[in-house]
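Written out below as structure tokens is the structure these notes cover.
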Amino acid sequence: MSAPAPTVRTRFAPSPTGSMHIGGMRTALFNWLHARHHREHGAGGTFVLRVDDTDRARNLDEALGPILDAFRWLGLDWDEGPEVGGPHGPYFQSERTEIYATALDKLLAAGLAYKDFDSRERVAADRDAAQKAGTPYVTVRRSLELSDTERERLEADGTPFVVRFLVPRGETVAIDDAVRDRVEWDTSLLPDPVIARQDGSVLYNFATTVDDAAMAITDVIRAEEHLSNTPVQVLLARALGHEPPRYAHIPFVTAPGTTKKLSKRDIGKYRNNPVFKKMFERADEIFPQIGLDVTDAVSPVMVAYYESIGYRPAAVINALGRLGWSLDDKTEIFSLGDLVRDFTLDRVVKNPAGLDPDKLFNFQSHWMNETPRDEKVSLCGAFLEKAKIAFDADFLGRLIDAMGDRLKLAADILDVAYFFADEIEYDPKAFKKRVAKAGVPEHLRAFTDERLASLADADWTPARLEAELTSFSEAAEKSPGLLIHALRVATTGAAVGPGVYDCLDLVGREKSLARVDAALANAADA
RNA sequence: GGCCCCUUCGUCUAGUCAGGUCCAGGACAUCGGAUUUUCAGUCCGAGAACAGGGGUUCGAAUCCCCUAGGGGUCACCA
């Protein structure tokens, strides 16, 4: 008889920094997916959100809010954590100082950690010397050589000290990583990590280990840059009397077109990244219209960018899910539900994956097309409202229908905002090329007078308009393109947009005819 | 520099654990064609990769060894 499949508990522990990094979101997604997969297709799974706020953020709401918003936007809920609580709280590290202090005392009392009185400078000098000599640096442990009386005197004098974990030398620590298989380290090469500062506050490696054990985390899924922290955490967990969790070190996300970790530090550089450039430029066009500043917090490195510019959460989920993971040799489209069903750690790849804005955009096309009409209307409507453009919902619906697949981002609706304006402005270049061109005004005049003017309101439909235009062009032995272009520019002012017959329909018979007259008068003046 | 990780088309990846069906499959991007002419979309097509070298084997992208390259990490940050 095999043991029952264990239930799974995963966690994600963001620092409240005021914005959610897209790479961090990918790590969070994998944790969430692993837990949900086991809940629905295994013995159970729980996803925990824990807040790493040891830095004591000045304003927690401001710093944590956007992060929780990103989770909510993508539809990733958490079973335990902020707002929802849970049996393993508190879920803010700033509220767990007692727990850390107790664990620290336990290690100290057992002789598994020690007070180190060496100054920062002295330790740095040791490290430099080792570096220079090309030998591995390990802690010199001078404080362990101290006699009891010496130590007592130092403490009585109030000499500052840090607490270091005493790494057992001469051992091999190994993990069976879910994505990297077996990884081993020689503990003789590991420095004794500081686990508590002079002020008594504990450090990341220690807090995480204590919390993961206290919260019964079974699977630690994190980016591979944490791989080198792992031996210390394994040793620490054992010293504390716990069995270490299973680890899965997933590849980190690289900046588009590079092999370097996508980092919020480099946002400035990314503006010039040829692959990222388009995304920045689109933001430059859109954000000013909706009263948003293009800041680091809404750059393409952050989840907020995608929401702000009108991506579908499903598109972002799909792209993130495929970053370092695949099901097989052909499936590309995954809903969140599909991912919950199909996601397993053993299909995570080992090598870093670059975020590809083009591919993300392609997923967006797909998921925008899957979006019901009503939802598109409300999404686009929200953009129009932010841009302070008055609109009629029915008309917006018709416009969205006419745009069809052309509507990729919800913000694209702003590109055709001229449909909501009473007055149009001609794109001067397009006007010259399409309307004020030899032979065109006469042709357009004739078509309008002979075919359009006499059309009844009820016959002013895309199908009828197309039939008229086609047959007129045929009779005149001219390319339909001439009228198509001329009419579009004359009635909307723009060179691009929905199909021209839809444009005429949207603008309406009366207004279209008036605009053709105005355009022709304009062309005559030119 | 020490330790650790990684290496298939430009990119994301399938195939590697169980060597032959892989002169390497899919997707995005690119280019070309069609839809007899906006833009877009759709359809069709093209080019494009096993880092290098040695082994093992009848046979290697797949196993072994070496080399090279890339990356991560070496804080009283997380």
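What the table below lists for this structure:
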{"quantity": "Candidate set: region A:301-324, residues that are among the hydrophobic types (A, V, I, L, M, F, W, C) and farther than 21 Å from A:S365 by Cβ; chosen: the one nearest to RNA strand B (Cβ to nearest atom)", "calculated": "A:V301"}
{"quantity": "Hits in region A:409-427 (condition: surrounded by fewer than 18 Cβ atoms within 10 Å (Cβ to Cβ) and in a loop (DSSP other than H, G, I, E, B))", "calculated": "A:A421, A:D422, A:E423, A:E425, A:D427"}
{"quantity": "Contacts under 8 angstrom Cβ, first residue in region A:232-246 being assigned to a helix (DSSP H, G or I), partner polar (S, T, N, Q) and surrounded by fewer than 20 Cβ atoms within 10 Å (Cβ to Cβ), 6 or more apart", "calculated": "A:V232/A:N205; A:Q233/A:N205; A:L235/A:T187; A:L236/A:N205"}
{"quantity": "Single unsatisfied condition, A:Q198 versus (1) near RNA strand B (Cβ under 7 Å from one of its atoms); (2) of a type in the set (S, T, N, Q); (3) assigned to a helix (DSSP H, G or I)", "calculated": "(3)"}
{"quantity": "In region A:366-375, the residues that are touching a residue at least 40 places away in the same chain (Cβ under 8 Å), more than 17 Å from the chain's Cα centre (by Cα) and part of a helix (DSSP H, G or I)", "calculated": "A:H366, A:M368"}
{"quantity": "Elements of type helices (runs of 4 or more DSSP H) in region A:434-508, at least 1 residues being more than 18 Å from A:A524 (Cβ to Cβ)", "calculated": "A:462-476, A:480-492, A:500-507"}
{"quantity": "Criterion (of a type outside the set (D, E), on the phi < 0 side of the Ramachandran plot and crowded, with 19+ Cβ neighbours inside 10 Å) met by exactly one of A:P193, A:P274", "calculated": "A:P193"}
{"quantity": "Top-ranked residue in region A:338-352 [being closer than 27 Å to A:L227 by Cβ and surrounded by fewer than 17 Cβ atoms within 10 Å (Cβ to Cβ); ranked as farthest from RNA strand B (Cβ to nearest atom)]", "calculated": "A:T344"}
{"quantity": "In region A:77-129, the residues that are part of a loop (DSSP other than H, G, I, E, B), touching a residue at least 60 places away in the same chain (Cβ under 8 Å) and either within 11 Å of RNA strand B (Cβ to nearest atom) or touching a helix residue (DSSP H, G or I) at 6+ places or on another chain (Cβ under 6 Å) (or both)", "calculated": "A:L112"}
{"quantity": "Qualifying positions in region A:428-460 - out of contact with any Leu (no Cβ under 9 Å at 6 or more places or on another chain), surrounded by 14 or more Cβ atoms within 10 Å (Cβ to Cβ) and not aromatic (F, W, Y)", "calculated": "A:A430, A:K432, A:K433, A:A436"}
{"quantity": "Looking only at region A:246-276, and only at residues there that are within 17 Å of A:K350 (Cβ to Cβ) and aliphatic (A, V, I, L, M), the one that is farthest from RNA strand B (Cβ to nearest atom)", "calculated": "A:A248"}
{"quantity": "Residue in region A:124-164 that is nearest to the chain's Cα centre (by Cα), counting only those that are of a type in the set (V, I, T) and over 30 Å from A:H242 (Cα atoms)", "calculated": "A:T135"}
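Each value in this text was obtained by applying a stated rule to the coordinates, not by laboratory testing. Predicted model, so just to flag it, every value in this text is computed and none were measured. As a convention, Cβ positions derive from the backbone with ideal geometry for all residues, glycine included, and neighbour counts pool all protein chains shown.
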